[in-house]
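Bear in mind these aren't lab numbers, they're just calculated from the coordinates by the rules spelled out. The structure presented is a predicted model; accordingly, all values stated were derived computationally and were not measured. Cβ placement follows ideal geometry from the backbone for every residue including glycine, while neighbour counts extend to all protein chains displayed.
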Amino acid sequence: MRTLIIFLSFITVSSIGFIACSGNISQAEAAPAAALTHDSLVNRGSYLVSTIGCDDCHSPKRMGAHGPEVIPELRLSGFTKGGILPPVDTAAVKKGWALFSPDLTAAVGPWGISYAANITSDVTGIGSWTEMQFIKAIREGKSKGLDNTRRMLPPMPWFNFAKLTDTDLKAIYAFLQSTKPVENAVPAPVPPNEIK
């Protein structure tokens, strides 16, 4: 009986793996952005932003019944201007710990303090960015998608998002440009030697 259960488990896992690997469209074969309508790009971008975790860091949150919940009117607006962080435990940081603010829009670590950017369509966000700047920011980890700027700081996983297809990056950009603009000038990062 035990052998039969193990055999059936193996067949089930193998079948799931086969189905997952033999999907109709691979990432490399995704439809080019030019073939998609603007609405299709925005819808795809909305899906990607919602599933790859952009809200985790870029959306201010309040504590709800199930933990932190996105504040809808501030969605994707980054660390709130004038927001106050709890005191930083610099001893923990020196021991290699990274710390997050209660709503996850700021992080402290060996790199200093980084604040999640406003990625709404407002000019204090990415409203004035070109698609090329957005793609450069994600592909190369360049702040504001400009040459000769600093790298994006942790915890931004740009090196993972850099693997998205051009179509997916264009879709994310199209969606972000369609968002409600939220005016919020996020503070500049704080270098490690200036943490108080």
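Key figures
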{"read-out": "Ascending count of other beta-carbon atoms within 10 Å, so fewest first, for H66, H38", "value": "H66, H38"}
{"read-out": "Cross-link partners of K144 among lysines (Cα-Cα below 27 Å; sequence separation of 8 or more within a chain)", "value": "K61, K81, K136, K163, K170, K180, K196"}
{"read-out": "Rg(Cα) / (2.2 N^0.38 Å) computed for region 140-196, rounded to two decimals", "value": "1.38"}
{"read-out": "Check: region 35-194 dipole with +1 on Lys, Arg Cβ and -1 on Asp, Glu Cβ, in debye", "value": "340 debye"}
{"read-out": "Region 81-93 - phi-based ³J(HN,Hα) in whole Hz, Karplus 6.51/-1.76/1.60, Gly and Pro as x", "value": "3, x, x, 10, 8, x, x, 7, 7, 5, 5, 5, 4"}
{"read-out": "Reference-scaled alpha-carbon Rg (2.2 N^0.38 Å with N residues) for region 35-194", "value": "1.04"}
{"read-out": "Between region 175-195 and region 64-86, the alpha-carbon center distance in angstrom", "value": "12 Å"}
